[in-house]
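A short worksheet on the structure shown next.
The values are calculated or read from the model by the stated rules, or taken from the named source; none is laboratory data. Because the structure is a prediction, the values reported are computed rather than measured. Positions of Cβ are backbone-derived with ideal geometry, glycine not excepted, and every protein chain shown enters the neighbour counts. Ligands, DNA and RNA are stripped out before the accessible areas are found, and what is left, the full protein with its side chains, is counted by its heavy atoms. Shrake-Rupley method; radii C 1.70, N 1.55, O 1.52, S 1.80 Å.
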Amino acid sequence: MKVIKIDTEEALRKALDIRFEVFVDEQGVPREEEMDQYDASPASARHLLLEIDGEPAAAGRFIAYKPDTAKMQRIAVRRTYRGRGVGRELMLALESWAKEEGFTNSLLDAQCQAEPFYRSLGYAAVSPETFLDAGIPHVRMTKPLI
């Protein structure tokens, strides 16, 4: 597995292609809702790409949510790579990068179907109720980055 801190338009395009495949094609999220201001360039957020044998397998990003908190977003693993620890490696790489940047907490809005996965990584739900994002039930979760 190769972890790539995205710093080129080409690498960002690969990450966006993964997200479109997972969120738009598989889950039905409208394409215009999937992209936002943090996708304008590689420098708009901290984007990561995971490749396996030279093939793009997973992507994610984080932004500064608060001075001490990184918000993990757009965590996507291509279907053929699921169940192989790729999502775990992606999250660990994002968390490691966030710690390098000085963040001491991680926050994310998890799709409810993925909540057990994030719990296995040490995240705890903090939202009192689920909420909809792009028509999909989510729960807010946090984790200290120690």
Given the criteria among the charged types (D, E, K, R), part of a helix (DSSP H, G or I) and out of contact with any Phe, Trp or Tyr (no Cβ under 8 Å at 6 or more places or on another chain), does residue 115 qualify? yes
I'm told residue 80 meets every condition in (1) open to solvent by less than 30 Å² (accessible area, probe 1.4 Å); (2) over 11 Å from the mean Cα position of the chain (by Cα) except one. Can you identify the failing condition by its number? (1)
Checking residue 87 against (1) open to solvent by less than 80 Å² (accessible area, probe 1.4 Å); (2) assigned to a strand (DSSP E or B), which test does it fail? (2)
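Scan 53, 7, 17 and give me the residue that is closer than 20 Å to residue 99 by Cβ, open to solvent by 70 Å² or more (accessible area, probe 1.4 Å) and not polar (S, T, N, Q). Before the answer, list the steps.
Numbers: 53 fails: closer than 20 Å to residue 99 by Cβ; 17 fails: closer than 20 Å to residue 99 by Cβ.
Every option except 7 fails the conditions.
Among the residues of region 96-111, is there at least one that is touching a residue at least 60 places away in the same chain (Cβ under 8 Å) and closer than 23 Å to residue 17 by Cα? Talk me through it step by step, then tell me what you get.
Kept after step one, since they are touching a residue at least 60 places away in the same chain (Cβ under 8 Å), are these residues of region 96-111: 97.
Next cut, closer than 23 Å to residue 17 by Cα only: 97.
Yes; the residues of region 96-111 include at least one that is touching a residue at least 60 places away in the same chain (Cβ under 8 Å) and closer than 23 Å to residue 17 by Cα.
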Scanning for something part of a strand (DSSP E or B) and buried (at least 19 other Cβ atoms within 10 Å of the Cβ), does region 24-47 turn up at least one residue? yes
Just give me the residues in region 116-139 being open to solvent by less than 80 Å² (accessible area, probe 1.4 Å) and within 20 Å of residue 34 (Cα to Cα), in sequence order. 131, 133, 134, 135, 136, 137, 138, 139
So residue 62 fits all but one of (1) open to solvent by 10 Å² or more (accessible area, probe 1.4 Å); (2) among the aromatic types (Phe, Trp, Tyr); (3) within 11 Å of the chain's Cα centre (by Cα); what number is the exception? (1)
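Give the residue, chosen from 55, 33, 26, 51, that is touching a residue at least 60 places away in the same chain (Cβ under 8 Å) and either farther than 22 Å from residue 118 by Cβ or of a type outside the set (A, V, I, L, M, F, W, C) (or both).
Working: 55 fails: touching a residue at least 60 places away in the same chain (Cβ under 8 Å); 26 fails: touching a residue at least 60 places away in the same chain (Cβ under 8 Å); 51 fails: touching a residue at least 60 places away in the same chain (Cβ under 8 Å).
Unique residue meeting the criteria: 33.
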